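Right, one structure below, let's go through it.
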Amino acid sequence: HIARPAEGIVTVVQCRSGKRGGDVTRRLLDAGHTNVVNLAGGIEAWKAAGMPVERGTKAPFPIMRQVQVMVGLLTLLGVVLTVAVSPWFLVLPAFLGTGLTFAGLSGWCGMAIFLGKMPWNKTA
């Protein structure tokens with residue numbers, strides 16, 4: 001848990017449960033940013049406390065579900081193309097598996113960043 005900041009504008013970092021938000025908050029503070037706090041317990045704790053939540057309606061699914069759908073579809077496409085066209089298409093599921101492994105180990109997901117920039121995920 002990070003202490004309450006001094007006066008001024010406060011940047012509140014939030015995620016679903018608070019863990020990733022805490023990591024980002026520490027990185028921002030280490031980079032010299034001030035008045036940054038993590039929403040302890042994330043948005044789930046906020047909702048459990050009965051606090052108001054406004055939900056955007058533009059994105060069809062949360063980003064991580066979009067990543068799961070894309071990886072699943074692209075893996076299936078790679079397998080179908082491997083069977084129907086050429087064994088070289090095994091490169092696609094291998095690339096996706098490598099990307100998922102890297103994302104799991106590092107916490108950085110290039111596909112999530114890419115999907116986050118898509119027009120359907122932009123806020124008004």
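Here are some notes:
- The conditions of being open to solvent by 100 Å² or more (accessible area, probe 1.4 Å), within 20 Å of Arg20 (Cβ to Cβ) and outside any helix (DSSP H, G or I) are met by Arg55.
- Of all residues making up the range 58-76, the number that are outside any helix (DSSP H, G or I) and surrounded by 16 or more Cβ atoms within 10 Å (Cβ to Cβ): 1
- The residue pairs whose first member lies in the range 10-30 and is modelled with pLDDT of 85 or more, whose second member is open to solvent by 70 Å² or more (accessible area, probe 1.4 Å) and among the charged types (D, E, K, R), and whose beta carbons are closer than 6 Å, counting only pairs six or more residues apart or on different chains, are Ser17/Glu44.
- Tally of residues being open to solvent by less than 100 Å² (accessible area, probe 1.4 Å) and touching a residue at least 12 places away in the same chain (Cβ under 8 Å) across the range 34-52: 12
- Of all residues in the range 11-27, those satisfying the criterion of being over 15 Å from Met64 (Cα atoms) and of a type in the set (D, E, K, R) are Lys19, Asp23, Arg26, Arg27.
The values are calculated or read from the model by the stated rules, or taken from the named source; none is laboratory data. Note that this is a predicted model, so its numbers are computed, not measured. Here the Cβ is made from the backbone with ideal geometry for all residues, glycine too, and neighbour counts use every protein chain on show. The protein model used for the area step is the full one, side chains on, heavy atoms only, and it has no ligands, DNA or RNA in it. Shrake-Rupley method; radii C 1.70, N 1.55, O 1.52, S 1.80 Å.
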